[in-house]
Amino acid sequence: MENFNELNLSAPILKAITEMGFEKPSEIQAAALPVLLGEPTDFIGLAATGTGKTAAFSIPLLERLDVEIKSVQTLVLCPTRELAIQVSEQIELIGRFLKIGGVRALPVYGGSSFGDQIGGLKRGAQVVVGTPGRVVDHLKRGTLSLENVKTVVLDEADEMISMGFKEDLEFILAAIPEGQSKTWL
């Protein structure tokens with residue numbers, strides 16, 4: 001794959017990635033994008049840090065979003081708050097032209113105000129990017145609903161398991177109606 005134009009991306013996504021300086025898909029992007037932009041499927045992708053994994057899953061998840069619906073349609077789980085913030089910022093950058101005001105990606109993680117996060121969830125976010133522990137906290141408090149989630153991304157899934165988040169991940173995945181979503185690792 002020589003460039004992103006070969007993928008039939010929507011004009012808003014293509015404009016965003018062009019403005020971000022993306023010219024040619026990285027190896028993980030060239031492998032993942034055609035699959036993830038096709039028929040809905042589960043997916044496992046392996047690549048080193050700094051190879052473009054975030055864009056590899058962000059572009060297709062944004063192409064699948066219904067931007068008119070304010071409820072959570074995608075859940076991205078990350079092992080650390082730093083990665084959750086970074087991923088949510090990248091998603092908002094790539095999705096900024098999809099509608100007036102852009103797509104809303106809300107980071108939720110420990111060490112940050114519950115009040116601010118609850119306010120963000122009430123205002124509506126199509127994408128929630130969070131650490132497993134804080135997502136579990138929101139689910140138990142009833143402040144986060146996963147009833148409309150179509151895609152779950154486990155970013156650095158191996159790292160989350162090695163950090164002891166297995167039970168949290170199982171709890172979160174059980175909160176999504178069965179058969180409704182696809183899982184990307």
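Worth a mention:
- For K24, the lysines whose Cα comes closer than 17 Å to its Cα, not counting residues fewer than 8 places off in the same chain, are K15, K53.
- Seen from P79, the other residues with C-beta closer than 15 Å to its C-beta sum to a net charge of -3, counting Lys and Arg as +1 and Asp and Glu as -1.
- Peptides ranked, highest mean first, by Cβ atoms within 10 Å: ranges 10-17, 76-83, 137-144: 76-83, 10-17, 137-144
- Percent carbon-and-sulfur accessible area, the chain, ignoring ligands, DNA and RNA, probe 1.4 Å: 51
- Net charge dipole size for the range 57-141 [Lys, Arg +1 and Asp, Glu -1 on Cβ; Debye, nearest 20]: 260
- Exposure rank, largest accessible area first [L93, L46, L37; 1.4 Å]: L46, L93, L37
- Charge dipole (Cα centre; +1 on Lys/Arg Cβ, -1 on Asp/Glu Cβ; no other charges) of the chain amounts to roughly 680 debye.
- For K140, the lysines whose Cα falls under 19 Å of its own Cα, not counting residues fewer than eight places away in the same chain, are K122, K166.
- Relative contact order for the range 10-157: 29 percent, from Cα pairs under 8 Å spaced at least 6 residues apart, divided by residue count.
- GluC sites (Glu not before Pro) lying in DSSP loop within the range 3-64, provided at most 15 other Cβ fall within 10 Å: E23
- A simple spin-label model places the labels of K99 and S162 3.9 nm from each other, with each point 7 Å out along Cα-to-Cβ.
- Accessible surface area normalised per residue over the range 4-66 is 52 Å², counting heavy atoms of protein chains with a 1.4 Å rolling probe.
The values are calculated or read from the model by the stated rules, or taken from the named source; none is laboratory data. Everything numeric in this text was worked out from a predicted model, so none of it was measured. Don't worry about glycine lacking a Cβ; one is built from the backbone with ideal geometry, like all the others, and counts go over all protein chains shown. Heavy atoms of the whole protein, side chains included, go into the accessibility calculation; ligands, DNA and RNA do not. Shrake-Rupley method; radii C 1.70, N 1.55, O 1.52, S 1.80 Å.
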